[in-house]
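Notes follow the structure.
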Amino acid sequence: MNIISQWISNHEEEIIRIADDIFCHPEPAYQETYSSKRLAEFLEEQGFQISWNTAGISTAFTAIWGNGRPRLGFLAEYDALPELGHACGHNLLGAGVCAAACALKEDMAACQKSGSIVVCGCPAEEIMSGKIIMNQAGVFDALDAGIMWHPFDRNRISNDIWQSQDIKNYTFHGVSAHASKSPEDGRSALDAAELMNIGVNYLREHVPGDVRMHYAYIDNGIPANVVPDTAKTNYFIRSSKRSRTDDASRRVDNCAKGAALMTGTTVDIELVKSCKEMKVNRVLAEIYYQAMTKIPVPQYTEEELAFAAQLTKEAGLVNQGIYFTGLEPLEAEPVPISIGTDASEVSHTIPLITLSAAAMCRGTPLHHWAAAKQAGMSIGQKGMLYAARCMAEGSKLLTETPGALEKVWEFHRAHE
């Protein structure tokens, strides 16, 4: 057993305790006080120097070990979803990233290798925010490469084009009136919001197939017997290419402006956050895939397989009774997927690799109670430990392959 594998094996129980502890203390975006502290304290115990308030965010931290180049950045997430808790597995994501960084550090120290390991504690991924703010503040600029993973239902290199996104708030302002006695005196902000949404729903027919537009009303607390003078919606507008997202976003704005014109109201348009699509680096993907081919995938007990079978039945998952599979081949071309992450913005600043590991059985959707169930038990924990080893071994191979980082950056610069 090599140094990386030995370190992870020796610290397996502690890593699991951290992930489970964060699972039991779910904290939504920008409220991850307990979760971030739990990870930072572990890293400090392992010899990392910790600084807080990264990019002015109270729940963001930076942990550094070593000095000089290469300077590898591990990106940790730890926020939960309101109501659902860790239904995206960020308790596993953060603990797994920190474990990978520590295992690589152990190997570098034992072999007296030069270089730095930087763990970036990144809050608020679920609202597409933390890494975008950190990227704008230059947090990732000095890194030679970024490494992370995400829990999924498969073991593979995430050779995926995560979507470019705009998150917008549309706030309509009207005139209040008694809805029965004098409705003619009112100008309904709610009518405007509804007409906007109708316009967007008709717009869906006339945008490219990869464009996604979804919305939610933000409660204005006004009863039905009052013509509402305010109404607010939150929109996510996405596609796999920034130019298509820009076009769709402008057209959604026009739906809002037209709705305001029709109803005699006004509308404020707030761009909350925006990011580009994921920039995939083929050189990094091939190096980390090579490392993953040498690492055994998790094996599952009869109890875990029975749990997966019962969960499949209860949640109506589609997997034909095949709950877990091995390492999937690296695709010849990047794969557009209909989800987004704030890490996409980082991928345009530095070369970034994301691994996927099966922290849930096949067919389990993210942001679903079935994903949360598995993030808090041994199935998710096995995926986390596997991902930690894959990230550490891939990073070791990256630093030990002559000229690899230069080729990584050549590819990065050539694919702007």
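The values are calculated or read from the model by the stated rules, or taken from the named source; none is laboratory data. The structure presented is a predicted model; accordingly, all values stated were derived computationally and were not measured. Quick reminder, even Gly has a Cβ in these numbers, built from the backbone with ideal geometry, and neighbours come from all protein chains shown.
Looking at segment 305-328 only, could you name the residues that are within 23 Å of residue 386 (Cα to Cα) and among the charged types (D, E, K, R)?
Correct list: 328 only.
Provide a single number: the residues in segment 293-306 that are without any contact (Cβ under 8 Å) to a residue 60 or more places away in the chain and either outside any loop (DSSP other than H, G, I, E, B) or acidic (Asp, Glu) (or both).
Qualifying residue count for the region: 4.
Mind listing whichever residues of segment 344-399 are at positive phi and over 18 Å from the mean Cα position of the chain (by Cα)?
Our first condition is that a residue be at positive phi; within segment 344-399, this holds for 363, 367.
Hit for segment 344-399 is 363, nothing else.
What number of residues in segment 228-253 are in contact (Cβ under 8 Å) with a residue 24 or more places away in the chain, polar (S, T, N, Q) and over 17 Å from residue 191 (Cβ atoms)?
5
Looking at segment 80-113 only, could you name the residues that are touching a helix residue (DSSP H, G or I) at 6+ places or on another chain (Cβ under 6 Å) and either of a type outside the set (A, V, I, L, M) or free of Cβ contacts under 8 Å to residues at least 24 places away in the same chain (or both)?
85, 86, 89, 91, 94, 96, 98, 106, 107
Do we find that residue 290 is at pLDDT 95 or above, of a type in the set (S, T, N, Q) and part of a loop (DSSP other than H, G, I, E, B) in this structure?
On the way: at pLDDT 95 or above: yes; of a type in the set (S, T, N, Q): yes; part of a loop (DSSP other than H, G, I, E, B): no.
For residue 290, the condition - at pLDDT 95 or above, of a type in the set (S, T, N, Q) and part of a loop (DSSP other than H, G, I, E, B) - is not met.
Going by the conditions given, is residue 361 in contact with a Leu (Cβ under 6 Å, 6 or more places away or on another chain) and either surrounded by 24 or more Cβ atoms within 10 Å (Cβ to Cβ) or over 22 Å from residue 29 (Cβ atoms) (or both)?
Answer is no for this residue.
Conditions (1) touching a strand residue (DSSP E or B) at 6+ places or on another chain (Cβ under 9 Å); (2) surrounded by 20 or more Cβ atoms within 10 Å (Cβ to Cβ); (3) assigned by TED's automatic domain parsing to the domain that holds residue 392; (4) under 20 Å from residue 382 (Cα atoms), marked per residue:
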residue: 284; (1), (2), (3), (4): yes, yes, yes, no
residue: 289; (1), (2), (3), (4): yes, yes, yes, yes
residue: 293; (1), (2), (3), (4): yes, no, yes, yes
residue: 296; (1), (2), (3), (4): no, no, yes, yes
residue: 299; (1), (2), (3), (4): no, no, yes, yes
residue: 304; (1), (2), (3), (4): no, no, yes, yes
residue: 308; (1), (2), (3), (4): no, yes, yes, yes
residue: 315; (1), (2), (3), (4): no, no, yes, no
residue: 319; (1), (2), (3), (4): no, no, yes, yes
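Hey, could you check segment 153-193 for residues that are of a type in the set (A, V, I, L, M, F, W, C) and surrounded by fewer than 24 Cβ atoms within 10 Å (Cβ to Cβ) and say which is nearest to residue 365 (Cα to Cα)? Walk me through how you get there before you give the answer.
First, the residues of segment 153-193 that are of a type in the set (A, V, I, L, M, F, W, C): 157, 161-162, 167, 172, 175, 177, 179, 189-190, 192-193.
Filter once more, so that each one left must be surrounded by fewer than 24 Cβ atoms within 10 Å (Cβ to Cβ): 161, 167, 175, 177, 179, 190.
Working: 161: 18, 167: 22, 175: 43, 177: 45, 179: 43, 190: 33 Å.
Among those that are of a type in the set (A, V, I, L, M, F, W, C) and surrounded by fewer than 24 Cβ atoms within 10 Å (Cβ to Cβ), it is 161.
Can you say whether residue 271 is assigned to a strand (DSSP E or B), within 22 Å of residue 204 (Cα to Cα) and assigned by TED's automatic domain parsing to the domain that holds residue 175, as far as the supplied structure shows? If you could, list the steps in order and put the result at the bottom.
Numbers: assigned to a strand (DSSP E or B): yes; within 22 Å of residue 204 (Cα to Cα): yes; assigned by TED's automatic domain parsing to the domain that holds residue 175: yes.
Yes, satisfied.
Among the helices (runs of 4 or more DSSP H) contained in segment 313-416, which hold 2 or more residues that are of a type in the set (Phe, Trp, Tyr)? Walk me through it before giving the result.
Working: elements: 343-346, 369-375, 378-400, 404-414.
Fully inside segment 313-416 and qualifying: 404-414.
Answer yes if at least one residue in segment 44-58 is under 23 Å from residue 341 (Cβ atoms), assigned by TED's automatic domain parsing to the domain that holds residue 113 and touching an Asp or Glu at 6+ places or on another chain (Cβ under 6 Å), and no otherwise.
Within segment 44-58 (the criterion being under 23 Å from residue 341 (Cβ atoms), assigned by TED's automatic domain parsing to the domain that holds residue 113 and touching an Asp or Glu at 6+ places or on another chain (Cβ under 6 Å)), the answer is no, since none of the residues qualifies.
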